[in-house]
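Below is one structure; the comments refer to it alone.
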Amino acid sequence: MPTEPFNRRIEVLVAVVDSPDETSLAAQLLEGRGWSVRPRLPRDDAADASPLGPGRVGLLVEVRLHGARFGAVQAAVSEIENLARRHQAGMWVVDAFLIEHDLAHDHRSVFHAHHRLREASAPSGTRSPRAWFAALRTSLGVISTVRILKLTGRPSIDALEQCLQRGTLTGRPYDPQDRQLRVPMGMEGRDPDAPPPTPVSTWRVAGPVLAGMGAAVTCGIAAAAADGLLVLMPLLVACALVWPVGREITDGREEQSLAVTMVWGAAAVAPMPLAGLALTLFMPGPPAQVARVTAYAVGGVGICALILYGLGYALVHSWFSRNANWAVPALVPALALSLPWFGGLLHTMYLKNGFGIPSGTIQVSVYSSYGASLKPIGIAMVLAVVVLAIAGWARHYHARVHSRGMVGIGVPLMSLFVIGISLTAGLLGAETAANRARTAAASGETPAAYYGVQGSLVCVKPVSKDIPVFNGPLASTRPLLTFGTSGDRVWLWDPRRDEALSVRLEDVVVTEAGASACG
């Protein structure tokens with residue numbers, strides 16, 4: 001039975017064929033998903049059972065899902081209907097309701113009980129500095145709490161102490177002479193007769209606040225770019241943003257004064273123009289370039305946040321999270337072995353396909369192999385993570401319930417596709433680097449290095465007239481390209497013939513090619 005945590009509860013009324021076998025089958029299928037099932041109790045009026053149809057009994061199922069509120073009810077209905085179709089069970093969904101409680105707003109009064117300080121209860125005129133400090137510590141709440149009570153409304157402390165003394169709540173003893181009740185600052189409950197406040201969405205607050213803070217950063221950049229009295233214009237605009245931003249922050253709070261609103265707004269807005277001003281003064285380039293770079297940085301951070309959230313939605317409460325204790329250690333050696341292998345493949349593509357020189361004849365360090373493979377494999381992993389993040393967002397909004405087969409097949413195929421495209425692009429990049437090196441060598445220039453493979457133009461003169469040359473003849477009057485020696489031989493590439501050749505080191509004299517032709 002699944003034991004994954006859930007954050008959505010949907011109560012579904014399911015009509016089942018009035019047969020012991022069908023009822024038992026439906027209950028087993030539903031309970032096998034980890035959902036609670038109980039029979040629907042009939043009511044007194046006969047018309048209440050009419051929506052179920054003749055020969056039907058009702059089951060109340062509590063479907064538990066993990067994800068967003070959006071699409072949760074449709075996902076619950078689709079889960080039950082798909083379950084019925086797969087097992088040919090005679091059950092149909094009649095009603096589905098999302099169960100929600102306002103847990104974001106706690107309107108109870110919080111009472112803290114702590115040991116009463118004897119000296120602090122003495123008359124104020126006879127208090128010692130120690131007693132005064134103890135009283136200040138009590139008022140600030142810097143004390144050891146021994147009991148916490150949370151009760152609806154705003155009950156009187158005296159009445160609550162009498163209730164505790166009688167042991168009405170839990171029966172535990174309570175001595176008002178030894179314990180003292182207090183309500184910490186800001187923990188007063190809501191009046192039961194007052195209407196409940198409307199819940200405020202997080203995005204409803206975060207959107208305008210972030211927009212105002214972004215506008216304040218723009219004001220700071222504009223102030224740095226302005227001259228004379230025009231500097232005051234963006235600063236005044238930033239000051240005008242204090243009230244709307246503060247109002248959005250304190251909108252969900254009860255009866256906030258203008259001073260509190262302005263303080264919250266100033267705390268959120270004031271650092272932003274300073275940040276924009278500092279960016280403009282300390283970053284190189286004109287203010288327009290600073291603004292463009294800042295916009296790109298903010299957009300990049302936003303995209304990274306979306307990808308990270310999507311990756312979390314895809315991996316949390318999944319097969320990977322349940323088996324990460326052995327899956328992650330298994331991936332580390334696989335990645336450590338695949339990086340140098342693919343780096344060697346890139347070096348082979350560069351030398352063999354570009355110049356006809358066997359890659360085994362050139363000594364390349366393992367660090368160069370890692371470096372050559374990091375870029376294409378890194379791009380492949382990033383693209384695979386993006387695909388996985390998109391699947392995670394689809395899972396969060398219950399899209400995979402409606403297209404389970406397409407998601408189950410499409411996500412692995414798309415991941416393999418982007419990985420294959422990235423690795424193929426890496427191989428093509430090696431071939432492109434080889435073509436650039438060939439062009440540079442043909443024009444008499446030393447080609448750029450390619451991840452530890454450095455070519456150089458040399459002049460080769462035979463020590464005797466007849467020497468063995470692999471794939472000869474040996475041109476001694478023009479520069480040849482070499483990537484180093486291999487044992488007792490040296491491999492060369494002739495730009496004019498566009499062919500590779502090899503000679504023994506003892507048969508030739510190799511010197512660095514100068515500005516003039518060899519010979």
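Observations on the structure shown:
- For region 453-498, the C-alpha radius of gyration divided by 2.2 N^0.38 Å, with N the number of residues, is 1.12.
- FRET efficiency, 1/(1 + (r/R0)^6) with R0 45 Å, evaluated for L306 and T477 via beta carbons: 0.15
- Applying 0.36 nm per residue to the separation of D175 and T485 and subtracting their alpha-carbon distance, the gain on full extension is 102.3 nm.
- Here the relative contact order of region 430-512, from alpha carbon pairs under 8 Å that lie six or more residues apart, stands at 28 percent.
- For the chain, the solvent-accessible area works out to 60 Å² per residue, with a probe of 1.4 Å and every protein chain left in place.
- Helix-only arithmetic for the chain: the sum of -39500 (n - 2.57) across DSSP H runs with n ≥ 4, divided by the residue total, places the mean residue ellipticity at 222 nm at -16000 deg cm²/dmol.
- Ordered from highest to lowest accessible area with the whole protein assembly present and a 1.4 Å probe, H101, H87, H317, H347 read as H101, H87, H317, H347.
- Length-normalised contact order of the chain in % [C-alpha pairs under 8 Å, at least 6 apart]: 10
- Sequence of T482, T439 when ordered by accessible area, the most exposed leading, probe 1.4 angstrom: T439, T482
- Between L210 and F97, the C-beta separation translates, for a Förster distance of 30 Å, into a calculated FRET efficiency of about 0.30.
- Three-way shape label, region 402-511, alpha-carbon gyration tensor, a/c 1.5: prolate
- Å³ per residue enclosed by the Cα convex hull of region 305-458: 133
- In a fully extended conformation the segment linking L315 and S36 would gain 97.9 nm over its present Cα-Cα distance, using 0.36 nm per residue.
- Cysteines without a disulfide-compatible partner [the chain; Cβ-Cβ under 4.7 Å]: C163, C219, C239, C304
- Estimated translational D of the chain in µm²/s (Stokes, Kirkwood radius over Cα pairs; 25 °C; 0.890 mPa s): 76
- Reducing region 210-235 and region 386-460 to their Cα centroids gives an inter-centroid distance of 42 Å.
- Heavy-atom accessible area, probed at 1.4 angstrom with all protein chains present, ranks F342, F97 as F97, F342, highest first.
The values are calculated or read from the model by the stated rules, or taken from the named source; none is laboratory data. Just so it is clear, the structure is predicted and the values come from calculations on it, not from any experiment. A quick note on method: Cβ atoms are made from the backbone with ideal geometry, for glycine too, and the neighbour counts reach across all protein chains shown. With ligands, DNA and RNA removed, areas are computed over all heavy atoms of the protein, side chains included. Shrake-Rupley method; radii C 1.70, N 1.55, O 1.52, S 1.80 Å.
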